[in-house]
Amino acid sequence: MGHGHPHPHDHDHDHGDLSPVLDESIPDSELSPTDVSRRRFLRGAGVLGAGAAAAAAGAFAAPGVSAAHGDGAPLGRSWAGHSRHNGYLWLAGDHHIHTQYSSDAQYRVIDHVRHANAYGLDWMVITDHGSVQHAKIGVDKVNPDIVAARAEVDDTLVFQGMEWNIPAAEHGTVFVHPGKNEVAVLKEFENTFDGVVTNTADSTPANEALAVSGVNFLASAVAKRRVQDALFLANHPARKGIDSPHELRAWRDAQPHIAVGFEGAPGHQASGIPAPLGPGGGRGAYDFAPSAASFPDYPLESYRTWGGFDWMTATVGGLWDSLLAEGKPWWITANSDSHQVYADTAVRGGGDFNTNGRYDDPVYGGGALGTSFSDFWPGFYSRTHVGAADFSYAAVMAGLRAGRVWVDHGGLIDGIDVRVSAGGSWVTLGDTLVARRGTPVELSVTVNLAGGPNWAQFQPKLSRVDVVRGAVTGPVSNRDSFTAPNTKVVKSFEVTKPSGQVTFTYHLGDLEQGFYLRLRGTDGKRTAPGFLGASIDPAGPAMDVVGSADPWADLWFYTNPIWVLPKR
């Protein structure tokens, strides 16, 4: 965990668009010829290096709350819409996106990148499915498309990754920092550790050990400097009930700097739109039932989303909280899992996928309105906001690893600043504040309310912000534990303003025992007592109904936690 900041005040710095040309962590060999020429020109002019971003692109606007791009930001938008807060630049992104190199998807890489950019994303990860075809040829073939997209849309960072079929478990996002070995490392990882490629999907101890070996491989690739960085996040963890608590703990404990979290909210959010206007399925595609491979102690309710969020995250005092109560940094994200976009009219291209490792380019406007499609474009509905030191691949990965992350659906809020202070120091999301016993501790929250219509063309209204607090109790004796009995909602703030900014202060008492806290907010349109009862969560998200779960009528945001610990 991190360290306390100095006395609370803002440290605001100018920052410009650090495009791939200016990001010297990306070697010349990974740039297009045009960008190599631009980089050489800047070197010759003496402006590439420290301060190059500001020299090339100008300064940021006045400081404010961590902010996403304004809705409707055009392609090639100015960076003036960003601001630094708490010393960080807050960048919106999506780490789970599929293209024509996945057997169940259809779009080109550039299609997703252009849309993500138009919908305000600063970073994204291309994560085609691990498969025999992908491991053999797809991982190689998609790379030139990604490199070309980086050059064409240079104000959105485009990572190459894959969706790992985790041995003995579900899926996960694996991605690496761009560089000369990004393809080689991903290809070796997939051929050696993917559950489909290696036929290790069954829930056996040997296959669980292989998954841990996969995480160790990624750490080794970083340690040996084959790649600059690598991260792993578990995807839709409760969907099929096959990610057991002990497996989650094993991945995290093996390499806590590589295995850093899971999807707090899955993609496929349009799945629950009622038929005939929508697919009429389970929101998030959570409409499964237990199987022989499922962890037997998970309740039936865990196979559904709750307010669009995974049961492991949405349950106050549930599995996520059980990890946080141990003092384990474990972060949540939200993303699109985009394969085929709801109401789109594109038709999947032809071609022999098994032979070519890809489909031909889609036929745009060639089909009927895709009301059976379950996805949104990246950035259209789900966003993961990361506090980054600057606009670079390395800074986004560092921010994710540090847990400087909050997530939202439907543009419910424009930004949030969370600080916990004690004894003259303060920390923000993902960090730890250490203070003397008996020191008063205070939470301060500032929320930028939605300042305009979202992509569904209505202006969301935040109704309430909840503070969830839990005791830090240390390591569990049962690694399949998935409850935190000392965690509950301790305070709720009603929001009456329709727009602008709201600020809350909450006194957390004098520090005696270590604790953590996290926040969530809702539009208040659909709430119910939490899964573990009203005494723990009086008005949490309701379980989504299969066939009737309009994602736009049930919006939430969640933050990652902050810990407060007494000095020993």
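The values are calculated or read from the model by the stated rules, or taken from the named source; none is laboratory data. Only a predicted model underlies this, so the values are computations on that prediction, with no experimental measurement involved. Cβ: placed from backbone, ideal geometry, glycine included. Neighbour counts: every protein chain shown.
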Just one listed residue, out of Ser477, Ser481, is more than 27 Å from Gly411 (Cβ to Cβ) and without any contact (Cβ under 8 Å) to a residue 12 or more places away in the chain, and it is Ser477
Checklist (1) within 30 Å of Gln459 (Cα to Cα); (2) within 27 Å of the chain's Cα centre (by Cα) applied to Ala368, failing item:
(2)
How many of the residues making up region 95-122 are within 20 Å of Gln457 (Cα to Cα), among the aliphatic types (A, V, I, L, M) and surrounded by 23 or more Cβ atoms within 10 Å (Cβ to Cβ)?
2
Among Gly317, Gly350, which is the only one that is without any contact (Cβ under 8 Å) to a residue 24 or more places away in the chain and outside any helix (DSSP H, G or I)?
Gly350
Please indicate, with yes or no, whether at least one residue in region 178-185 is closer than 23 Å to Thr333 by Cα, touching a helix residue (DSSP H, G or I) at 6+ places or on another chain (Cβ under 7 Å), buried (at least 18 other Cβ atoms within 10 Å of the Cβ) and not charged (D, E, K, R).
yes
Considering every residue within region 156-168, establish whether at least one is surrounded by fewer than 20 Cβ atoms within 10 Å (Cβ to Cβ), in contact with an Asp or Glu (Cβ under 8 Å, 6 or more places away or on another chain) and in the same structural domain as Gly357 (by TED's automatic domain parsing).
no
Condition test on Thr439, is it of a type in the set (S, T, N, Q), touching a Gly at 6+ places or on another chain (Cβ under 6 Å) and buried (at least 24 other Cβ atoms within 10 Å of the Cβ)?
no
Of all residues in region 284-314, which are hydrophobic (A, V, I, L, M, F, W, C) and without any contact (Cβ under 8 Å) to a residue 24 or more places away in the chain?
Ala289, Ala292, Leu300
Kindly list the number of the only condition in (1) out of contact with any Leu (no Cβ under 9 Å at 6 or more places or on another chain); (2) crowded, with 24+ Cβ neighbours inside 10 Å that fails for Gly278.
(2)
Within region 405-452, work out how many residues are among the charged types (D, E, K, R) and under 23 Å from the mean Cα position of the chain (by Cα).
5
For region 255-264, which residues satisfy the criterion of being out of contact with any His (no Cβ under 7 Å at 6 or more places or on another chain) and surrounded by 18 or more Cβ atoms within 10 Å (Cβ to Cβ)?
Gln255, Ile258, Ala259, Val260, Gly261, Phe262, Gly264
Give the residue that is nearest to the chain's Cα centre (by Cα), with candidates limited to residues of region 194-208 that are surrounded by 15 or more Cβ atoms within 10 Å (Cβ to Cβ) and farther than 7 Å from Pro167 by Cα.
Val196
Quickly run through region 555-568 and pick out the residues that are surrounded by fewer than 19 Cβ atoms within 10 Å (Cβ to Cβ) and outside any strand (DSSP E or B).
Lys567, Arg568
Which of the residues belonging to region 210-247 are within 17 Å of the chain's Cα centre (by Cα) and aliphatic (A, V, I, L, M)?
Ala230, Leu231, Leu233, Ala234, Ala238
Just one listed residue, out of His98, His134, is closer than 19 Å to Phe262 by Cα and in contact (Cβ under 8 Å) with a residue 40 or more places away in the chain, and it is His98
Output the qualifying pairs, or none if there are none: Cβ atoms under 9 angstrom, residues six or more apart or on different chains, first residue in region 192-203 and assigned by TED's automatic domain parsing to the domain that holds Val215, second residue in a loop (DSSP other than H, G, I, E, B) and charged (D, E, K, R).
Gly195/Asp202; Thr200/Asp194
Being crowded, with 22+ Cβ neighbours inside 10 Å, charged (D, E, K, R) and within 29 Å of Val176 (Cα to Cα), is that true of even one residue in region 350-361?
yes
Hey, which of the helices (runs of 4 or more DSSP H) in region 140-258, taking only ones fully inside, have at least 1 residues that are in contact with a Cys (Cβ under 6 Å, 6 or more places away or on another chain)?
none
Sole residue being crowded, with 23+ Cβ neighbours inside 10 Å, touching a residue at least 60 places away in the same chain (Cβ under 8 Å) and of a type outside the set (A, V, I, L, M), chosen from Gly399, Gly327:
Gly399
Here are some residues: Trp455, Trp426. Which one is surrounded by fewer than 24 Cβ atoms within 10 Å (Cβ to Cβ), more than 23 Å from Asp155 (Cβ to Cβ) and aromatic (Phe, Trp, Tyr)?
Trp426
Name the single residue, out of those in region 446-459 being of a type in the set (A, V, I, L, M, F, W, C) and not in a strand (DSSP E or B), that is nearest to Pro329 (Cα to Cα).
Ala450
